[in-house]
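Note sheet for the following structure.
Where a number appears in this text, it was derived from the coordinates with a stated rule and is not lab data. Everything numeric here is computed off the predicted structure, so don't read it as measured data. Cβ placement follows ideal geometry from the backbone for every residue including glycine, while neighbour counts extend to all protein chains displayed.
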Amino acid sequence: MLASTAAMAAESCRAPVPHGPVQAAVPVYTMGPVGWVRKADGRTWIEIDKRYQPALLGVDALQSIWVLYWFDRNDTPERRAILQVHPRRNPENPLRGVFATRAPVRPNLIALSPVRVLSVRENVIEIDSIDAFPGTPVLDLKP
């Protein structure tokens, strides 16, 4: 019974499939940053927008978190259209689809990095490091 419930739940999450000659519009989703990556003096932290500070309750008890952020410096229509790359930009590596790589060019420029939580003070999470530029928009945090 659990398998059928899971299958029904998965089915309900799928986007409608257009049938016949009428094409359904592709849904568009909008989101905004909840914070930004900051770096200075050998330290790295995530500054959360003050309005989201209540969402940090309990983060100080976590050893690590996943940070989802936006590759904002790659956000152009041309770069979003790149669907195949040579991993690590090395032409000797076989061509791969971006979904099989960690390439920063992709249709949706969402990045994901695990980080170690060093401290939480008000709306600031000090972390060990992150492979993101200062000022990079943070979309979400996950335990």
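Given 0.36 nm per residue, what is the gain on full extension from residue 22 to residue 62 after removing their alpha carbon distance, in nm? Please report the intermediate quantities before stating the final value.
Numbers: separation 40, 0.36 × 40 = 14.40 nm, distance 4.90 nm.
Extending this stretch completely gives an extra 9.5 nm.
Tell me, in nm to one decimal, what length is gained between residue 30 and residue 80 on full extension, where the rule is 0.36 nm per residue of separation less the Cα-Cα distance? Write out the running numbers ahead of the final one.
Details: separation 50, 0.36 × 50 = 18.00 nm, distance 1.63 nm.
Fully extending the segment from residue 30 to residue 80 adds 16.4 nm.
State the Kirkwood hydrodynamic radius of region 20-89 in Å, one decimal place, computed from all pairs of distinct Cα atoms. Could you put the intermediate results ahead of the total?
Values: mean 1/r = 0.0604 Å⁻¹.
For region 20-89, the Kirkwood estimate is 16.6 Å.
With the Cα gyration tensor of the chain giving a ≥ b ≥ c as the square roots of its eigenvalues, does the rule (a/c under 1.5 for rounded; else a/b larger than b/c for prolate; else oblate) give rounded, prolate or oblate?
Details: a/c = 1.97, a/b = 1.31, b/c = 1.51.
Oblate shape, in that a/c is at least 1.5 and b/c is the bigger or equal ratio.
Which length gain, in nm to one decimal place, applies between residue 39 and residue 93 when the Cα-Cα distance is subtracted from 0.36 nm times their residue separation? Present the calculation step by step, with values, prior to reporting the outcome.
Details: separation 54, 0.36 × 54 = 19.44 nm, distance 3.26 nm.
In short, 16.2 nm is gained.
What number, rounded to the nearest 500 deg cm²/dmol, is the helix-based mean residue ellipticity at 222 nm of the chain, given -39500 (n - 2.57) per DSSP H run of at least four residues and division by all its residues? Can you show the working numbers first?
Working: 2 runs with 16 residues, N = 143.
Roughly -3000 deg cm²/dmol at 222 nm, from the helical runs in the chain.
What nm value, rounded to one decimal, do you get for the distance between residue 101 and residue 53 when each label is placed 7 Å out toward the C-beta?
4.3
In what order do 82, 65 fall by count of nearby beta-carbon atoms within 10 Å, going from fewest to most? Walk me through the numbers on the way to the answer.
Values: 82 15, 65 19.
With the fewest neighbours first, 82, 65 line up as 82, 65.
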